[in-house]
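Submitted below is the structure of interest, expressed as structure tokens.
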Amino acid sequence: MNRAEDIRRDLAEVRSRIATAARAAGRDSASILLVAVSKTHDAAAIRAAYEAGQRDFGENYVQEMAAKMDALGDLSDVRFHMIGHLQRNKARQVVRIASAVHTVDSARLAVELARRTSDAPVPETRRFPTGGCLDARLPAFIEVNIADEAQKSGCRRGEIDEVATAIETEPALRLAGLMTVPPHTDDPAGARPFFDALVALREANGGVARFPELSMGMSHDLEYAVAAGATIVRVGTAIFGQRE
Ligand SMILES: *Cc1c(COP(=O)(O)O)cnc(C)c1O
């Protein structure tokens, strides 16, 4: 695990990779949000990244997110993004602490999140996106199982509209965009067709007006995601080091 100065350096390196990829794609790097994936790393690691200016963090487990939120209670503007598979019985807990849920994969989960969100709106300092957005709805991303992998979570491509409609029907939720984790390929370029496929699915289901954000790209393939149009990249290892 990286120490504070390693985290600061590696975070700067990741930001620079994003900026370079954005420039190459003719995009403004300010339009790309870095979510630092802190799963398995302790609250001290998050604090080090926070002190280096990072505000958005990704966690895969609600319990772990809650423990870190507690440990970082003095940082009122830290934002946690739920990026792991979410069971409906965890909805109540997640809506109290998460600034966004990237892994809505069924209409039933959307309904449950909404039911739990209406009595626990996201605090203003933790709202996503930032930038004076006066919107207390919980941002919900639809996770798409882009390559129909049996072991992966996410809805099927053909279910996007149904899940999107369920989210749009709920006043407590805001449809934020689409999210995917492509199949692993040793060559990061191998992820590009899957990123392009998510972009195509967005177009086929209502376009950028309906799905403003694309959450895709991780440590090894973020350049390809930015080139394809990612607005959020989720990066863990390249910032915090290898996980145990
Ligand atoms: C762990 C994880 C990441 C970060 O992966 P790295 O390869 O460590 O950058 C991104 N997204 C999801 C959904 C993850 O589970």
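The values are calculated or read from the model by the stated rules, or taken from the named source; none is laboratory data. Quantities reported herein were computed from a predicted structural model and do not represent experimental measurements. Quick reminder, even Gly has a Cβ in these numbers, built from the backbone with ideal geometry, and neighbours come from all protein chains shown. For accessibility, only protein heavy atoms count, side chains too; no ligands or nucleic acids. Shrake-Rupley method; radii C 1.70, N 1.55, O 1.52, S 1.80 Å.
May I ask you to verify whether Thr180 is within 29 Å of Ala136 (Cβ to Cβ), open to solvent by less than 10 Å² (accessible area, probe 1.4 Å) and among the polar types (S, T, N, Q)?
It is true that Thr180 is within 29 Å of Ala136 (Cβ to Cβ), open to solvent by less than 10 Å² (accessible area, probe 1.4 Å) and among the polar types (S, T, N, Q).
Let me confirm something: among Arg23, Arg9, which residue is away from the ligand (no atom under 16 Å from the Cβ), open to solvent by 20 Å² or more (accessible area, probe 1.4 Å), out of contact with any helix residue (DSSP H, G or I) (no Cβ under 9 Å at 6 or more places or on another chain) and not in a loop (DSSP other than H, G, I, E, B)?
Answer to the selection: Arg9.
How about the stretch 108-150: which of its residues are at pLDDT below 85 and open to solvent by less than 10 Å² (accessible area, probe 1.4 Å)?
Result: Val122, single match.
Here is a follow-up. Note down all Cβ pairs under 6 Å where the first residue falls in the stretch 10-29 and is of a type in the set (D, E, K, R), the second is buried (at least 16 other Cβ atoms within 10 Å of the Cβ), and they're at least six residues apart or on different chains.
Filtered contacts from the stretch 10-29: Asp10/Ile239.
If you take the residues in the stretch 53-107 that are within 15 Å of the ligand (Cβ to nearest atom) and surrounded by fewer than 18 Cβ atoms within 10 Å (Cβ to Cβ), which one is farthest from Phe211 (Cα to Cα)?
Out of the qualifying residues, it is Glu64.
Restricting the search to the stretch 227-243, which residues are within 14 Å of the ligand (Cβ to nearest atom), out of contact with any Ser or Thr (no Cβ under 6 Å at 6 or more places or on another chain) and more than 17 Å from His102 (Cβ to Cβ)?
Matches in the stretch 227-243: Ile239, Phe240, Gly241, Gln242.
Another question, if that's okay. In the stretch 186-226, which residues are away from the ligand (no atom under 13 Å from the Cβ), open to solvent by less than 60 Å² (accessible area, probe 1.4 Å) and in a loop (DSSP other than H, G, I, E, B)?
Listed by number, the residues that qualify are Asn205, Gly206, Phe211, Pro212.
Looking at the stretch 166-177, which of the residues that are in a helix (DSSP H, G or I) and of a type outside the set (D, E, K, R) is surrounded by the fewest Cβ atoms within 10 Å (Cβ to Cβ)?
If we take residues in the stretch 166-177 being in a helix (DSSP H, G or I) and of a type outside the set (D, E, K, R), then Thr169 is surrounded by the fewest Cβ atoms within 10 Å (Cβ to Cβ).
Among the residues of the stretch 27-41, which ones are assigned to a loop (DSSP other than H, G, I, E, B), farther than 13 Å from Met65 by Cβ and either under 17 Å from the mean Cα position of the chain (by Cα) or within 16 Å of the ligand (Cβ to nearest atom) (or both)?
Ile32, the sole residue that qualifies.
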